[in-house]
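The values are calculated or read from the model by the stated rules, or taken from the named source; none is laboratory data. All values reported here derive from a predicted model rather than from experimental measurement. Positions of Cβ are generated from backbone atoms using ideal geometry, with glycine treated the same way; all protein chains shown enter the neighbour counts.
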């Protein structure tokens, strides 16, 4: 069933601005890819199977640390991710990222609470395993209830 969440998250990130849009920050050897979307975009069975809350006020942050593979394509790499979401008045909410591994794919997800239309600023730090330097990213996103 975890494969279902990977496929769902992949479809969400490829679907474009109507649903969720994947973005990335390039750090040379590594890229940090991220997507934010309402938890209601997940099918109920996928949310339940992965112990994710599915509610109109809960958003999902999906982070992947990637590098170029031996075959020239990009692949995910293990590591650590931590961060916080700040609401429009700067109040922080710390994100509890969970590492999800399915075969060779590794990504990190966290849930957070939001109000419809509220602009949230995310401050995320990723660190690939065996890499001494943090990869900090900062982005803002507002979600709306479906």
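Output yes when any residue across the stretch 59-76 is in contact (Cβ under 8 Å) with a residue 12 or more places away in the chain, exposed (fewer than 12 other Cβ atoms within 10 Å of the Cβ) and not in a strand (DSSP E or B), and no when none is.
Scanning the stretch 59-76, I find no residue that is in contact (Cβ under 8 Å) with a residue 12 or more places away in the chain, exposed (fewer than 12 other Cβ atoms within 10 Å of the Cβ) and not in a strand (DSSP E or B), so the answer is no.
Please go through the stretch 35-58 and give me each residue that is surrounded by fewer than 19 Cβ atoms within 10 Å (Cβ to Cβ) and in a strand (DSSP E or B), ordered by number.
Within the stretch 35-58, 58 is the sole residue that qualifies.
Of the residues that make up the stretch 100-121, is at least one closer than 20 Å to residue 145 by Cα, at pLDDT below 95 and out of contact with any strand residue (DSSP E or B) (no Cβ under 7 Å at 6 or more places or on another chain)?
yes
Residues that are over 17 Å from the mean Cα position of the chain (by Cα): list the strands (runs of 3 or more DSSP E) wholly contained in the stretch 77-121 that include at least 1 such residues.
Result: 92-95.
Considering only residues of the stretch 123-134 that are at pLDDT 90 or above and either crowded, with 21+ Cβ neighbours inside 10 Å or out of contact with any strand residue (DSSP E or B) (no Cβ under 9 Å at 6 or more places or on another chain) (or both), which is nearest to residue 36 (Cα to Cα)?
Ranking the qualifying residues of the stretch 123-134, first place goes to 124.
If I filter the stretch 1-46 down to residues being out of contact with any strand residue (DSSP E or B) (no Cβ under 9 Å at 6 or more places or on another chain) and at pLDDT 50 or above, which single residue comes out as nearest to residue 139 (Cα to Cα)?
Only one residue fits best here, namely 28.
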